[in-house]
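Peer 1: Just dropping this structure here.
Each value in this text was obtained by applying a stated rule to the coordinates, not by laboratory testing. Here the structure is a predicted model, which is why all the values come from computation and not from measurement. Don't worry about glycine lacking a Cβ; one is built from the backbone with ideal geometry, like all the others, and counts go over all protein chains shown.
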Amino acid sequence: MSHLELDMSILEPELLAELDAYIDSLPDPRGSIIAVLHKAQELNGYLPRELQLYVARRTGLPTAKINGIVTFYSFFSEVPSGVYTISVCTGTACFVKGAQEVLDRFREELKLEEDEPMTEDGLFSINDVRCIGACGLAPVVRVNERIFGHVKPDQVSEIIAQHRKEAADAS
Ligand code: FES
């Protein structure tokens, strides 16, 4: 990560003040780096490189280490995500039961290319994930924390509609 290309002004001062207060409340911020990153993600929604650099400076940890942690754990994200993150498992058990067709159908129905972080309305993101430990339900789709098992491509539009309705009812 090159620091020269980063624009630290994208970070909101209020957000940084809250993050600072949290870091200062910890007896050992370096030893609690996962918790610090969770807090940063909770405040900002995701962890852009600028925020990773800020956390590195505040905790004195190398930026490469922070980035290593962020990219290792699937619950951290470097890109913004929609209200609903659709994680399609393409681990072996799910793959042999047709996960790729399910994944393709989600992308098709949501008109979301692989390199796009979310749908235009900000509602959906799609992830392709490895085994999520529910192989007996293959192919498995997780929408935020909700698990759908034995998913067939024909059920994709129904899953999307269910979440669109939920979002509309909540707004
Ligand atoms: S391979 Fe998909 S849940 Fe295990």
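Peer 1: With bins 5 Å wide starting at 0, give me the P(r) of region 99-171 over every alpha carbon pair, in whole percents.
Peer 2: Once binned at 5 Å, the Cα pair distances of region 99-171 give 3, 14, 27, 27, 18, 8, 2, 0.
Peer 1: Please list, or write none, the lysines whose alpha carbon is within less than 27 Å of the alpha carbon of LYS65, excluding same-chain residues fewer than 8 places away.
Peer 2: Result set, ordered by chain and number: LYS39.
Peer 1: Here's something else I'd like to know. Using each residue's phi in region 63-75, evaluate 6.51 cos²θ - 1.76 cosθ + 1.60 at θ = phi - 60° and report the 3J(HN,Hα) Karplus result to the nearest Hz, with x for Gly and Pro.
Peer 2: 4, 5, 5, 4, 5, x, 5, 4, 7, 6, 8, 5, 7
Peer 1: Check the straight Cα-Cα distances from LYS152 and name the lysines below 27 Å, setting aside those fewer than 8 residues away within the same chain.
Peer 2: Answer for LYS152, where 27 Å is the Cα cut-off: LYS97, LYS111, LYS165, listed by chain and number.
Peer 1: Please give the residues of region 129-155, grouped as numeric ranges, whose backbone N is less than 20 Å from a label point set 7 Å along the Cα-to-Cβ vector of ALA168.
Peer 2: 155
Peer 1: Starting from a Cα-only point model with no solvent, please compute log10 I(q)/I(0) by Debye for the chain at q = 0.11 1/Å.
Peer 2: -0.56
Peer 1: Further question on the same structure: Please compute the modelled spin-label separation between GLU42 and GLU12, points set 7 Å along Cα→Cβ, answer in nm with one decimal.
Peer 2: For the pair GLU12/GLU42, the computed spacing is 1.6 nm.
Peer 1: Of all beta bridges DSSP finds with both residues in region 84-170, what is the antiparallel percent, to the nearest 5?
Peer 2: DSSP beta bridges in region 84-170 are roughly 50 percent antiparallel.
Peer 1: Only bridges whose two residues both fall in the chain count here: according to DSSP, what percent of them are antiparallel, nearest 5?
Peer 2: Just about 50 percent of them are antiparallel.
Peer 1: Among ALA21, LEU137, LEU53, flag the residue with its Cα farthest along the positive direction of the charge dipole of the chain, charges on Cβ as +1 for Lys/Arg and -1 for Asp/Glu.
Peer 2: Going by the charge dipole, the pick is LEU137.
Peer 1: For a protection proxy built on the mean count of beta-carbon atoms within 10 angstrom, sort 160-171, 94-105, 27-38, 119-130 highest first, please.
Peer 2: 94-105, 119-130, 27-38, 160-171
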